[in-house]
Amino acid sequence: MNLCQRIFSSFFVCGSSLFFAAVAFAAEEGGKPAEGPTEIFKWINFAIVAIALIWAASKAAPWFRGNAANISSAITKAQAAKAEADRVLKDAEQRLARLEDDVRAIRAEAQKDAAAEAERIRALAKSDVEKVGIAAKTEIEAAERAARLELKALAAKLAVDSAESLVAKQLTPQTQDALIAGFVKSLQGSPN
């Protein structure tokens, strides 16, 4: 409906209302004519106010429609946001319901991992103990060999020193001369 049609329909409604009001008022008064010009001015005043109100309503109608459209849009967005929030809440509630099962599973996995790690550490420690034992045994054997060699060298040195001192005591200049002479004789009798 365009503006002219609205204005025409407004005037028609106002005029009809005035006519039926005047007829009703006349019937109430018992068919007496109105009290004069004041009564007509009241009706004219009423018509002007009614027309002004209808005109203001027609001018404000687009604003009200726009406001209604904005409110409708906001309601639609709010409903979508509420639906999304409900979905997120439902998802969170489901996760919360599964949380205890997840915690149990994580604890079981952690205990299993801890047991495996403890076993690995025990095996590593046992291996290290064995390696240290083998290394210690090897070092002890090496130290024993070194000590035996040193002991043999010391015994040989002591034996040589002892023999030297014994030979030095028993070897007199006459014995030396006799030994040298015997050696020279043995050399003369050899074919070389």
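FYI, it's all coordinate maths here, none of it is from the lab. Every value quoted in this text rests on a predicted model; they were computed, and no experiment measured them. Cβ: placed from backbone, ideal geometry, glycine included. Neighbour counts: every protein chain shown.
In table form, for the structure just shown:
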{"read-out": "Residues Ser162 and Glu139, FRET efficiency given R0 of 41 Å [Cβ-Cβ distance, rounded to 0.05]", "value": "0.75"}
{"read-out": "Three-way shape label, the range 129-192, alpha-carbon gyration tensor, a/c 1.5", "value": "oblate"}
{"read-out": "The range 120-165 shape via C-alpha gyration tensor axes, a/c threshold 1.5", "value": "prolate"}
{"read-out": "Segment Asp91-Phe12, length gained on full extension (0.36 nm per residue, minus Cα span)", "value": "22.4 nm"}
{"read-out": "Dipole of the range 48-96, positive direction: furthest Cα of Ala68, Ala80, Gln94, with charges on the beta-carbon", "value": "Ala68"}
{"read-out": "Phe41 paired with Arg65, simple spin-label distance in nm, labels 7 Å along Cα-to-beta-carbon", "value": "4.0"}
{"read-out": "Cα gyration tensor, the range 55-192 - rounded (a/c under 1.5), prolate or oblate", "value": "prolate"}
{"read-out": "Cα-based reach from Lys137 at 18 Å (exclusive), listing aspartates and glutamates while leaving out same-chain residues under 8 positions away", "value": "Asp128"}
{"read-out": "Cα-based reach from Lys59 at 27 Å (exclusive), listing lysines while leaving out same-chain residues under 8 positions away", "value": "Lys42"}
